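In what follows, a structure is listed as structure tokens, so that the remarks can point back to it.
The values are calculated or read from the model by the stated rules, or taken from the named source; none is laboratory data. The model shown is predicted, which means the values in this text are computed figures rather than measured ones. Reconstructed Cβ throughout: ideal geometry from the backbone, glycine too, with neighbour counts over all protein chains shown. Heavy atoms of the whole protein, side chains included, go into the accessibility calculation; ligands, DNA and RNA do not. Shrake-Rupley method; radii C 1.70, N 1.55, O 1.52, S 1.80 Å.
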Amino acid sequence: DVAHARGVKVTAHAHGAQSIKDAISAGVDSIEHASLADDEAIALAAEHGVAFSMDVYNGTYTAEVGEALGYPEEFMRKNEETTEAQRQVFEKAYAAGVPIIYGTDAAVYPHGLNARQFEVMVARGMSPMDAIRSATSVAAEHMDMADDVGALAVGRYGDLVAVKGNPLDDITVLQDIDYVIKGGVVEISPSEPGIADAVYRNGRIYTVDSYRKWAEAIAIDEGRIVYVGDNAGVDDFIGDGTEVYDLNGRMMMPGFQDAHVHPIVSAIDALACDLSGLDDLAAYRTRISEYAAANPGVEWIKGGGWSMAVFGPGGSPSKTILDELVPDRPVFLTSADGHSGWANSVALDIAGIDKDTPDPPDGIIDRDPETGELVGSLQEGAMSLVARHVPEPDAAERMAALKYARDMFHAYGITSLQDAYTFEPGLQTYVALDRAGELNLRVFPAQWFERDGNEEQIPVFIERRERYTSQNVHPISVKIMQDGVMENYTAAMLEPYLVPSGTKGIPMVEPEALKDFVTAIDAAGFQVHFHAIGDAAIRQSLDAIEVAQSKNGNHDRRHHISHLQVIDPADIPRFAELGVVANFQPLWAYADAYVTDLTIPFIGEERARWMYPIKSVIDAGGKVAFGSDWSVSTANPFPQIETAITRVDVDTHDTPVMNPEQRITLAQALEAFTLNSAFVNHQDDSTGSIAVGKLADVIVLDRDLFRVPPEEISETKVLLTLFEGKPVYGNPKAL
């Protein structure tokens, strides 16, 4: 009733006669399977116009492959019985006038066999025209799309297929679709039969595909995968012009997709005064001094990557250190997590900041607690007081940074990513490199939502989405930063931090306003990409999505929340309930100094039990995606995967296992970094797994991840990265 009141149709998965009758009595619009319906259930369905979607081919497929797959004899006998029973129900339902919707339960068997359903339907008494209608006009009507598709009529979309022959005479011709035309544009057309551009064979190919997890060979033609299977089967795709490569037992898998990363800004920092990878103050001093000496003409010394843990609780480095090293030029260096800035006196003077400057609403200017004098560190929104004076990188710097990041991603096997916040110059850079044919990445930029702004930003987002969409660049998302980080007590928490001030952190956007903003962004067709670390910020984000869906309907925006350091247990089921993706950064899920020294003492052990609850979200039915947040931490997926599995330090392996019940499997971690991240970016239908018809974004590794100890996964190297079948890293002949 609730669904119907909101204009949503309901289908029920039901096999048994009683469950079918219960579902019809409850008012559902259709039944999937309906394999054991009795005469009463069929009559009830006909009376109420409830459609049946019956996958009557599946049993034939099971019979064909069952013996080869080693299915027990009893199972095969039961398959024969239930298949026949379902087909008898189909015959009776069709004769009784029950609407029949074409449904194949595809993925139960290989893609490409779906059209065999027609042959079974006609063999069991359905007219060929009614079989075709079940997959066109009847299906369109059931999905409330009859005004747009399902028949050839003026004003409807030009979504067509073309086959050789007349299916009214021979329904099996629908098993070989020659052309697929979508919106008047040919999407699929015949290529030379059986001939591929490239074949990779003799491998351990992990597909991340629900039908076939492992294969030996793939064939690639015009950038797409045309075959996945055993070595013998791929021979049909080899012709005179086919390049054949021997994987020599190497593991192949889909390319990684980083769901939260900062390519251009991180690369700019990496090419400037880069402190990442250094772990003490002495190393920082050396690097800063060397950079300043090597770059005497640089107006501002900028860069970052310093660790808050080096400077103790609160993570507040002093300006006096920088004044000593660089007394005559402004210096501004951001922390590794991007939530704190470190400035020298020259930079603070240029920004006009002194001890009397008030804190901005969304940040903190660190001061000596006794004298009130400036420390030199700035937290969250206070960083902008200095950052606005730092010269912006020019187009050449941005392009050099993007190429640096692209090459690094390819070396790590990353073929798609979501830029976690992007401004117009970044969009310009992505599109320029893509139009030059050199991007070789699928990029989904999230446009930055100014938290001191309002809905008036949305028309600008829409205009940029239209202007900066290209073949491989799709600005589908809007980024909202809802809180800060725990280390400086700015992550928004439900209960106070264990510090004298008793702060609960800083919600960057007032929660009621957040609901309005998210509703408006969702209505404009954007996905919302949230930064939320504390349990209060996570709840506020979920609440906003819930309001947006109640007002707009659920249009499959695939909103996602990043970081998720502490989730209140009551909110874990809401990810599945609302269809919100949990976007974790798995490398953070171990007991490093940030956790043991800067977090747990200030939130307590009880809340710390719910730090990065990856497995709990999965167990509750939620979808989990992974991202690196580079340059906060490495973009290399393998240390991240290992940490998700072990929850210990990948370098030393000697830290306590952090919340061991939250460890996940290797298969779950790989899915989070491939198919689930593809889902976030609305490209799981074309990437994220190795399957026929998908783009050939695949990688080859130097070891089989499933055959090495978990603590060795972080040492894995990528040997080859293919983007649409083209090598962008490594040499396929050298495998």
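Grab the beta carbon distance between Ala576 and Ala293, set R0 = 51 Å, and tell me the FRET efficiency rounded to 0.05. Can you show the working numbers first?
Values: r = 55 Å, r/R0 = 1.08.
Calculated transfer efficiency: 0.40.
What does the charge dipole of segment 342-412 about its Cα centre add up to, to the nearest 20 debye, if the Cβ of each Lys and Arg holds +1 and the Cβ of each Asp and Glu holds -1?
Values: 6 positive and 14 negative charges, 102 e Å.
That gives segment 342-412 a dipole magnitude of about 480 debye.
Tell me the mean residue ellipticity at 222 nm calculated for the chain from its helices only (DSSP H runs of n ≥ 4, each -39500 (n - 2.57), averaged over every residue, nearest 500).
On the way: 27 runs with 239 residues, N = 735.
One gets -9000 deg cm²/dmol as the mean residue ellipticity at 222 nm.
Using only the Cα atoms, what convex hull volume per residue in Å³ does segment 194-265 have?
On the way: hull volume 8.5 nm³, N = 72.
Dividing the Cα hull volume of segment 194-265 by its residues yields 118 Å³.
Specify, per residue and in Å³, the volume enclosed by the convex hull of the alpha carbon atoms belonging to segment 429-542. Kindly include the intermediate steps, with their values, before the conclusion.
Working: hull volume 13.0 nm³, N = 114.
Measuring per residue, one finds 114 Å³ for the Cα hull of segment 429-542.
By a straight-distance test (C-alpha under 20 Å), which lysines pair with Lys92 as possible cross-link partners, with residues fewer than eight away in the same chain excluded?
Excluding near neighbours in sequence, the set is Lys21.
What is the log10 of I(q)/I(0) for segment 245-403, computed with the Debye formula using one identical point scatterer on each Cα and no solvent, at q = 0.16 Å⁻¹?
Computed log10 I(q)/I(0) values: -0.90.
Please give me, ordered by residue number, the GluC sites (Glu not before Pro) of segment 1-89 that lie in loop per DSSP and have at most 10 other Cβ atoms within 10 Å. Don't jump to the answer; show the numbers that get you there.
Numbers: sites: Glu32, Glu40, Glu47, Glu64, Glu67, Glu73, Glu74, Glu80, Glu81, Glu84; in loops: Glu67.
Of the GluC sites (Glu not before Pro), the ones in loops of segment 1-89 whose Cβ has at most 10 other Cβ atoms within 10 Å are Glu67.
Once you keep just the Cα pairs under 8 angstrom separated by 6 or more residues, what percentage relative contact order results for the chain? Intermediate values should be presented prior to the final figure.
On the way: 1514 pairs, mean separation 81.2, N = 735.
Reported relative contact order: 11 percent.
Calculate the tail of P(r) for segment 315-354: the fraction of all Cα-Cα distances greater than 13 Å, expressed in %.
Details: 378 of 780 pairs.
The proportion of pairs with Cα distances above 13 Å equals 48 percent.
Please give the per residue accessible area of segment 450-540, computed with a probe of 1.4 Å over protein heavy atoms only, in Å².
Working: 3330 Å² over 91 residues.
Ligands and nucleic acids excluded, the result is 37 Å² per residue.
Given N residues in segment 666-735, what is its alpha carbon radius of gyration divided by 2.2 N^0.38 Å?
Working: Rg = 13.1 Å, N = 70, 2.2 N^0.38 = 11.1 Å.
Cα-based Rg divided by the globular estimate yields 1.19.
Run the accessible area of segment 535-678 with a 1.4 Å probe and give the carbon-and-sulfur part as a rounded percent.
On the way: 2260 of 4540 Å².
C and S fraction of accessible area: 50 percent.
Just to be sure I follow: if Rg is taken over the C-alpha atoms of the chain and Rh is the Kirkwood radius over the same atoms, what is Rg/Rh?
Details: Rg = 28.5 Å, Rh = 28.4 Å.
Taking Rg over the Kirkwood Rh, I get 1.01.
Does segment 604-735 come out rounded, prolate or oblate, given a ≥ b ≥ c as the square roots of the eigenvalues of its C-alpha gyration tensor, rounded meaning a/c under 1.5 and, failing that, prolate meaning a/b above b/c? All intermediate terms of the calculation are to be shown ahead of the outcome.
On the way: a/c = 2.33, a/b = 1.48, b/c = 1.58.
Note, shape of segment 604-735 comes out oblate.
Determine the sum of side-chain charges near Met251: Lys and Arg each +1, Asp and Glu each -1, restricted to other residues whose C-beta is under 11 angstrom from that of Met251.
Values: positive: Arg204, Arg250, Arg703, Arg707; negative: Asp702, Asp704.
Surrounding charge for Met251 is +2.
If packing is taken as the mean number of other Cβ atoms within 10 Å per residue, what is the order of 279-291, 2-14, 609-621, 440-452, highest first? Numbers along the way, then the final one.
Values: 279-291: 15.1, 2-14: 12.7, 609-621: 19.8, 440-452: 21.7.
Those peptides, ordered most packed to least, come out 440-452, 609-621, 279-291, 2-14.
List the lysines whose alpha-carbon lies under 24 Å from that of Lys319, not counting same-chain residues fewer than 8 positions away?
Those lysines meeting the cut-off are Lys302, Lys355.
Determine which lysines satisfy two conditions relative to Lys164: a Cα distance under 27 Å, and not lying fewer than 8 residues away in the same chain.
Result set, ordered by chain and number: Lys182, Lys694.
How much of the pair distance distribution for segment 500-627 lies past 20 Å, counting alpha-carbon pairs only, in percent? Display every interim value, and only then the final one.
On the way: 3587 of 8128 pairs.
Result for the distance tail: 44 percent.
Mind checking the per residue accessible area of segment 270-348 for me, 1.4 Å probe, whole number of Å²?
Values: 2940 Å² over 79 residues.
Computed with neighbouring chains in place, this is 37 Å² per residue.
Of the cross-linked pairs Lys213/Lys623; Lys504/Lys623; Lys479/Lys717; Lys403/Lys717, which ones have a Cα-Cα span greater than 23 Å in the structure shown?
Values: Lys213/Lys623 19 Å; Lys504/Lys623 29 Å; Lys479/Lys717 32 Å; Lys403/Lys717 21 Å.
Beyond 23 Å between Cα atoms: Lys504/Lys623; Lys479/Lys717.
In the neighborhood of Val149, defined by Cβ-to-Cβ distances under 12 Å, what is the net charge if each Lys or Arg adds +1 and each Asp or Glu adds -1? All intermediate terms of the calculation are to be shown ahead of the outcome.
Details: positive: Arg156, Lys182; negative: Glu141, Asp144, Asp147, Asp148, Asp159.
Net of charged neighbours comes to -3.
For segment 119-159, just the Cα atoms, rotate onto the principal axes and tell me the three extents in Å, largest first.
Each principal axis gives a Cα extent; for segment 119-159 these are 34, 17, 11 Å.
Round to a whole angstrom and tell me the spacing of the C-alpha centers of segment 9-39 and segment 271-291.
So the two Cα centres are separated by 66 Å.
Quick one: which of 129-142, 664-677 comes out on top by average Cβ neighbours within 10 Å, and what's the full order, highest first? List each step's numbers first, then the result.
On the way: 129-142: 18.9, 664-677: 22.9.
Those peptides, ordered most packed to least, come out 664-677, 129-142.
Using only the alpha-carbon atoms of segment 154-308, report the extent along each of the three principal axes, biggest first, to the nearest angstrom.
81, 51, 31
Can you tell me what percent of all Cα-Cα pairs in segment 371-505 are more than 23 Å apart?
Details: 4497 of 9045 pairs.
Here the tail beyond 23 Å accounts for 50 percent of pairs.
Taking θ = phi - 60°, what integer Hz values does the Karplus form 6.51 cos²θ - 1.76 cosθ + 1.60 yield along segment 221-231, in sequence order, with x for Gly and Pro?
Working through the residues one at a time gives 9, 6, x, 10, 7, 10, 7, 9, x, 8, 4 Hz.
Tell me the per residue accessible area of segment 593-707 using a 1.4 Å probe; a whole number in Å² is fine. Please report the intermediate quantities before stating the final value.
Details: 3730 Å² over 115 residues.
Heavy-atom SASA per residue in segment 593-707 reads 32 Å².
Taking segment 331-425, which trypsin sites (Lys or Arg not before Pro) meet the DSSP loop condition and have no more than 14 other C-beta atoms within 10 Å?
Values: sites: Lys355, Arg367, Arg388, Arg398, Lys403, Arg406; in loops: Lys355, Arg388.
Here the trypsin sites (Lys or Arg not before Pro) that fit, given the DSSP loop and packing criteria, are Lys355, Arg388.
Shape call for segment 32-150 from the C-alpha gyration tensor, a ≥ b ≥ c root eigenvalues: rounded (a/c under 1.5), prolate (a/b greater than b/c) or oblate? Before the final figure, lay out each step's value.
On the way: a/c = 2.34, a/b = 1.46, b/c = 1.60.
Oblate, because a/c is 1.5 or more while a/b does not exceed b/c.
Can you run phi through the Karplus equation (6.51, -1.76, 1.60; θ = phi - 60°) for segment 425-437 and list ³J(HN,Hα) in whole Hz, with x for Gly and Pro?
Working through the residues one at a time gives x, x, 4, 4, 5, 4, 5, 4, 5, 5, 5, 7, x Hz.
Determine ³J(HN,Hα), in whole Hz, for all residues of segment 535-551 in sequence, where each value follows from phi through the Karplus function 6.51 cos²θ - 1.76 cosθ + 1.60 and θ = phi - 60°; x replaces Gly and Pro.
Karplus values, whole Hz, x for Gly and Pro: 5, 5, 5, 5, 5, 4, 5, 4, 4, 5, 5, 4, 5, 4, 5, 5, 8.
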